[in-house]
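The structure appears below as structure tokens.
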Amino acid sequence: MPHTEPLISRALLTGPSSGLVELSRDWTENPPAPQFKPARAVTSFTRLPPAEFSLESGYFVENGNLTFVFDPGHYPWTEPSDPEIFLAGDFNHWNPAGDGGRWKLRADLIEGRAVLTATHPAAAFGRERFQFKFVNSAGRWLAPPDSAPNAVRNDGWNSNLEVNPRQTGRHRFAFATAEPFDLAENNRLLWPNGGDHESVFLIPGDFFYGMTTDKKQGAEARDRQTTFRLFAPRAVSVEVRLFQAGGEADGEERVSLRRMPDGCWEGRVSGNRHGWHYWYFVDGPDNASTHFRPEFPIADPYALAVEGPAGPAIVVDDRLPPAPPKKRFTPPLPETLVIVELHTRDVLARSPLALGADERLGFRGLARWARESDYLSSLGANAVELLPVQEFDNPRREDYHWGYMPVNYFSPESGYASDPGGGGQIEEFADVVRAFHERGTAVILDVVYNHVGNPNNLLLIDKQYYFDLDARGGLMNWSGCGNDLRCGAAMVKRLIIDSLLRWVRVFDVDGFRFDLAELLGVETLKEIETALRAEKPGIILIAEPWSFRGHVGRQLRFTGYSSWNDGFRNFLPEFVNGRGAPETVRHFMTGSPGNYAAGPYQSLNYTESHDDRTWVDLITENPGHNGMDATPRDAARTRLMAAFLFASAGVPMIAAGQDFLRSKGGLSNTYLRGDVNALDYERLELHADTHRYFAGWIRFRLSEAGCLLRPGGRTTNTFWQFVFAEPSPAFAVIYNADGSTAGGRLLLAINPGDAPAVLPLGEVANRQWEKLADENRFFDSPDTDAAPEPTLHLPPLGLGFWSSAENAG
């Protein structure tokens, strides 16, 4: 009687002429040879070892035993020095602790790979499906790999692995064919099933992501011809349609591109078409791993300028201005960086500068602000981190957006340009960078390479090659933005690196902050660093080291990246409210050593960014997290935070306006609210004392005397000496306590509590100290008559900061 149940779970190509087929149940009898459409001669067909299945699925069954397998290669955010790994599921109430270590995984080898395993009698788990997950001894749940065929997505962001008793590892077979498969065809595998043949698409496997070309991509305009190239490895046709700016559709030229053996499509037209506009139209096979729409216009992902987020792309002769600067700007060393994060329109919308309405929308206004505003010079920061300025998906020029939905990685944002159709955004952004460099300020760009916005041009070029998919062909969404770019694919890495190099070579950008960098992968991040440091050795590299999937802060310890320190961000609101444990204070003040950073400057310390509530809204005494009318205690706690931030080892960053208690009225996710996010410069006058306090700390930190606040290398623990007086939350710290560095000593004491505090300084006080600051102000000149006593008394929300030129004993 014919089977009605589908027999094939999936079929993958593991190479140009090889692959595997997974059945929906174990197959114990001799398997029939599969057939293919288009036809291919089968040269081999063999059963795969059950244990090999476990490297993807996390389990296999053999000889009556169920073995759970943790392959570190599928969990890139783990490393051998991680805490112990345990197995959790319904069978142990998702709580593997205790029970004599029964659920602990132990070192093993499977198919030559170093893994961790736990083996139990299969009968103990019954014959029903059940879910499981791996968790480490620190309580961190480890998200299953996207490619796992048995991954099950539950509510929210949670996903588990599922054991199917019908698939124990004896349901997988490998095949090889005499001829390679053409990836541009709808290749199908056919398997006998009840007198008929079941048919499924053959989906390319990991080998597919290694496909690459070394040909220059995009539109290359030269004197006698313009060449168009697009990497689309499974397309069956690619057409470019080009027209002059403002031209009619009936005046367009259409050119069919030719497919090259490496998956790149190429075509030429006569003449230098600089300034012309163009689209691509791409067609290809139709299956779960593709999304070809031959009628949909595609803006070239390598276009150096686009007229708008939906296109069209603009042909740019890359030999024309702006030419790379004759002398490149040298960014500050990591130990001297002080960063201000800002959004182009936030600083312009209500700026007191006499800007025109058009200037307040973008790059021309930002260049003037960089040259004419005294905000940055008053504050003293030496670097700005601009929220995304790569082309993003705001529908209209006047629409406000943070910019975290990119649609092109080469073009400066058209909505910030006065003449986007003419490619004016290129020169206008170049002038922004020049303007900041003229005042000695480095320019760091916030870049988003983990996902793309709409229209999703890469999806229309090749869904599977450019995006992470689940086992069923659906888009993964660990970014929370609808898709995850497949950053490990060869041409995706090249797209990322090529675009970053252009921002450095043409615009002289000084650094990048990588949004949700975990999704790029540690190896890709390392390749990025290698390429960028070869171009600009002092490049500043910053990672937001997490995503909804995991955290790679520890894996970046021995690279040149600084990582946004979310632990620091979360701790400071607790600390200024008197809830700081001594060891936590010590950890964050000394640069988050160990688990987070190998050196102090791998920790980027901050307490406010564009995202979520502002600092003052978070800590205000007012109801509803509304810090608009900040209380005196709100301001006092902000000053204590500033002292802690700028006195900690690491790279400090503040958000523009944080120094004058910028408030969003308690609102959190304001990525479309330009009216809320705009800086209110009147608060700069209202809270001038707090602004001056921030500026005083920055000025001292960057001074020669402040070198002890920014120790270099891998400073030993004896450099700092801490004094605590529990249960009081107050503490004191002596810098250069071991005398290992020239420059005397510094002493900082902070009491974030509501009651007076007493700190036993002892012999530390027996030095020639001069006071530099208290909880209200940084002194214009040191106070030599305010030396600390051996028993130091601090008022509530109090602070003292002293220096001593003595360096001996």
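Along the range 370-377 the Karplus relation, 6.51 cos²θ - 1.76 cosθ + 1.60 evaluated at θ = phi - 60°, assigns HN-Hα couplings of 4, 8, 10, 6, 9, 4, 5, 5 Hz to successive residues, with x for each Gly and Pro.
Remark: spin-label model distance T119-L672 equals 5.7 nm, labels positioned 7 Å along the Cα→Cβ axis. Converting phi to 3J(HN,Hα) with the Karplus coefficients 6.51, -1.76 and 1.60 and the offset θ = phi - 60°, the range 110-115 yields 9, 6, x, 9, 6, 9 Hz in sequence order, with x at every glycine or proline. The per residue volume of the convex hull around the alpha-carbon atoms of the chain is 183 Å³.
Extending 7 Å from Cα along the Cβ direction at F207 and again at R106 yields two label points whose distance is 3.8 nm. Length available on full extension from W141 to S418: 0.36 nm per residue minus the Cα-Cα distance, which gives 94.9 nm.
Give, rounded to the nearest 20 debye, the magnitude of the charge dipole that the range 432-562 has about its Cα centre when Lys and Arg contribute +1 at Cβ and Asp and Glu contribute -1 at Cβ.
Roughly 140 debye, rounded to the nearest 20.
Taking 0.36 nm per residue of separation and subtracting the Cα-Cα distance, full extension of the segment from D783 to V758 would add 6.9 nm.
Looking at the range 456-537, none of the GluC sites (Glu not before Pro) sits in a DSSP loop with at most 16 other Cβ atoms within 10 Å of its own Cβ. Close amide H pairs (under 5 Å, H built 1.01 Å from N) link V200 with L189, residues at least 5 positions away or on another chain.
Label point 7 Å out from Q244 along Cα-to-Cβ: which residues of the range 296-333 have amide N under 16 Å? Residues 315 fall inside that zone. In this Cβ point-charge picture (+1 for Lys and Arg, -1 for Asp and Glu), the chain has a dipole of about 1280 debye about its Cα centre. The simple Förster model, with R0 at 51 Å and r as the Cβ-Cβ distance, assigns E398 and D90 a FRET efficiency of 0.45. Between the range 580-656 and the range 659-685, the C-alpha centres lie 18 angstrom from each other. Using r as the Cβ-Cβ distance of D99 and N63, and R0 as 22 Å, what FRET efficiency do you calculate, to the nearest 0.05? Calculated transfer efficiency: 0.35.
As a length-normalised measure over Cα pairs under 8 Å and 6 or more apart, the relative contact order of the range 71-135 settles at 37 percent. Reducing the range 269-296 and the range 25-101 to their Cα centroids gives an inter-centroid distance of 40 Å. Against the main long axis of the alpha-carbon atoms of the chain, helix 566-576 sits at an angle near 30°. Working from Cα positions, state the angle (0 to 90°, nearest 10) between the long axis of helix 632-647 and the longest principal axis of the chain. The helix 632-647 is inclined about 70 degrees to the chain. For the chain, the relative contact order comes to 9 percent (Cα pairs under 8 Å, sequence separation of at least 6).
Per residue, the Cα convex hull of the range 631-714 amounts to 118 Å³. Each other residue within a Cβ distance under 10 Å of A151 adds +1 if Lys or Arg and -1 if Asp or Glu, for a net charge of -2. Taking a Cβ cut-off of under 15 Å around R258, the surrounding Lys, Arg, Asp and Glu residues balance to a net charge of +1, with basic ones at +1 and acidic ones at -1. The stretch between S237 and E252, if pulled fully straight at 0.36 nm per residue, gains 3.5 nm over its current Cα-Cα span. Placing R0 at 45 angstrom, the Cβ-Cβ distance between D155 and E266 gives a FRET efficiency of 0.40 after rounding to 0.05. The distance separating the Cα centre of the range 394-422 from that of the range 449-475 comes to 21 Å.
When you filter the GluC sites (Glu not before Pro) in the range 262-358 for DSSP loop state and at most 14 other Cβ atoms inside 10 Å of their Cβ, you are left with E295.
Laboratory data are not the source of any read-out in this text; all were calculated from the coordinates shown. Predicted model, so just to flag it, every value in this text is computed and none were measured. Positions of Cβ are backbone-derived with ideal geometry, glycine not excepted, and every protein chain shown enters the neighbour counts.
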